[in-house]
Amino acid sequence: MEAIDGRMPVLVGCGDVTDTDTSAEQGRSPYELIAQAARLALQDSGAAGMAEAIDTVAMIRSFADTSPRFATKLGASANPPRSVAARLGLKASRHIYSYSGGNMPQYLLNRFAEDIARGEMRAVLLCGGEALRTQHGLERRGAAGLWNEDPGGAPELIGDARRGWNEHEELHRMRAAIVMYPLFENALRGARGRSIDQHQQAIGTLMARFAAVAAANPLATRRQGYSAEQLVTVNDANRWIGFPYPKLMNAHAYIDQSAAVVMTSVVSARELGVPRDKWVFLHGCADAHDHWYVSERIDLHSSPAIRAASRQALDMAGKTLDDIEVIDLYSCFASAVQIGCQEIGLAEDDERGLTITGGLPYFGGPGNNYVTHSISQTMRSLRVRPGAFGLVTANGNYVTKHSFGVYSTEAPAGPWRREAPSVLQAQLDALPKAPFTEMPQGRAIIETYTVMHGKDGPDFGVVFGRLDADGRRFIANLPDDPARLWELQNRDSLGRPGRVQQGADGRNIFVPD
């Protein structure tokens, strides 16, 4: 028998569900969909007593509880993780519901690994999912209240309760990911010195590699295997969302997907009879965030937190990037991929590939829960490559919150422990912030920008700018004039001069020359 510390945390089960066929009329709730994935994860452990061993059920927060854009009239559970547990007949003593963020699956596993290593938790079922495809279909038919339920009690909340945007950003219509990530994308284009056409070709080529992986993945929702040209060509089926992203360059949120993983200790895995070839260990991990609000950051094309935390996770595992064979890089938008590669030190055409699922635009973007799928697939990939190492990266909000996991079937040496995340976070919090004003006036230039589109054309524009007088950053909208918005989009407007002033409603308005 291997000499492994009995309290060593180990992942022993995983399960995924992607449903593209069940009709909306059947009204299957997200709790039922998540329970289906959880059953698969419990079965995957190969231990008949695994369900009885679960003392903690943790569920990733749903999009309906996260963003006004996805709020539903169908209702919800008063205790979502307990609703899932009840469907599985679990007698867990803890029911945890996360705060929002795409980092939360990896963040929670990092925390639970600590709890297990301290002997404070026996086994945890981590699960999540979305039924937004069904939700959308039911709401179009006028349904309401179908998903209300109260299984009793209130969940324990874990994570950071702060929303990802401040009031000034919200005033300028900047609270949605589909607005924020195009701003990063144009900032990246400027930092790389590319024309619009050059950059569109580059990001199309980048994301076509993700689409190719999805094409071969039976769990993916978009399996057409789009070419770079198809991804960046705007037409009726691929209309503009937020320049420079057409529809197929956005995370695919309106899907029915769920995933679950099971983590326990080595001693429990042995007692329960989990086969050794099911075990996957978390060798290294890290959690950190950049300056919380996008408008505070020193620039809009980098992430000190990704750079530092990815290195911390690899150092904890005693590995370098060259030792990693399996990679899943968070990929809600092309800008997240590029910033991730840049800070971690990955080439965008790395021969190992940047995703094992196909990424959020093509595999599917099930709200805050994508990374549970990423971890699940990483487990399966490593089980068939004993001794290989995998890296999972996770991103919450707007390149804000970051979590990392380094995995392998090989057991770590010695007891499991990590440095308190607060040590690294204190270093990141001390980094400088961009000088900023909420009330700009006068001549200025565009730092980055986007034009947001509806089905009938451009709706509004957002600008990060810098004042000529003192270089302070500001946020502004463009005049609500479709012709002006098209003109801003159709020419390279990075560094473009103009004038900014505050409007009657308190919003800043930038008028380009």
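With 0.36 nm allotted per residue and the present C-alpha distance subtracted, the D115-Q425 stretch has 109.5 nm of extension available. When each of the peptides 448-456, 399-407, 157-165 is scored by the mean number of other C-beta atoms lying within 10 Å of its residues, the order from highest to lowest reads 399-407, 448-456, 157-165. Modelled label positions at R352 and E167, each set 7 Å beyond Cα in the direction of Cβ, lie 4.6 nm from each other.
Taken about its Cα centre, the chain carries a charge dipole of about 260 debye when Lys and Arg each add +1 at the Cβ and Asp and Glu each add -1 at the Cβ.
Taking packing as the residue-averaged number of other Cβ atoms within 10 angstrom, the listed peptides 7-20, 235-248 run from highest to lowest as 7-20, 235-248. Within the stretch 270-373, the GluC sites (Glu not before Pro) that combine a DSSP coil assignment with at most 12 other C-beta atoms in a 10 angstrom radius are E351. In the chain, the DSSP-assigned H stretches of four residues or longer account for a calculated mean residue ellipticity at 222 nm of -9500 deg cm²/dmol, using -39500 (n - 2.57) per stretch and the full residue count as denominator.
Note the listed values (1) 44, 30, 19; (2) 49, 34, 26; (3) 39, 25, 21, then indicate which one is semi-axes √(5λ) of the Cα gyration tensor in Å calculated from this particular structure. Matching the structure shown: (3). Taking the charge dipole of the stretch 1-76 about its Cα centre, with +1 at Lys and Arg Cβ atoms and -1 at Asp and Glu Cβ atoms, the residue from A76, A24, A38 reaching farthest to the positive side is A76.
Using a cut-off of 32 Å between Cα atoms, the listed pairs K247/K401; K319/K401; K247/K278; K247/K319; K73/K278 include K247/K278; K247/K319; K73/K278 as exceeding that distance.
The residue list H95, Y407, I178 was ranked by how far each Cα lies along the charge dipole of the chain toward its positive end, using unit charges on Cβ atoms, and H95 comes out on top. Legend: calculated FRET efficiency, Q502 to D470, from the Cβ-Cβ distance at R0 = 25 Å, rounded to 0.05, equals 0.90.
With a Förster radius of 22 Å applied to the beta-carbon distance between A483 and R194, the computed FRET efficiency rounds to 0.25. Each peptide among 49-56, 258-265 gets the average number of other Cβ atoms lying within 10 Å of its residues, and from highest to lowest they stand as 258-265, 49-56. Taking label positions 7 Å along the Cα-Cβ direction at both A215 and T437, the computed distance is 5.2 nm, reported to one decimal. Using a Förster radius of 51 Å, what is the FRET efficiency between L146 and D323 based on their Cβ-Cβ separation? Nearest 0.05, please. Step by step, r from the Cβ atoms, then E = 0.55.
For the stretch 442-512, the dipole from Cβ point charges (+1 on Lys and Arg, -1 on Asp and Glu) about the Cα centre works out to 220 debye, to the nearest 20. Between T233 and K247, the modelled labels are 1.5 nm apart [label points 7 Å from Cα along Cα→Cβ].
Select from P458, L485, A444 the residue farthest towards the positive end of the dipole of the stretch 442-512; place +1 on Cβ of Lys and Arg, -1 on Cβ of Asp and Glu, and compute about the Cα centre. Sorting the options by dipole projection puts first A444.
Read-outs throughout are calculated quantities, based only on the coordinates presented, and are distinct from any laboratory measurement. Only a predicted model underlies this, so the values are computations on that prediction, with no experimental measurement involved. Cβ: placed from backbone, ideal geometry, glycine included. Neighbour counts: every protein chain shown.
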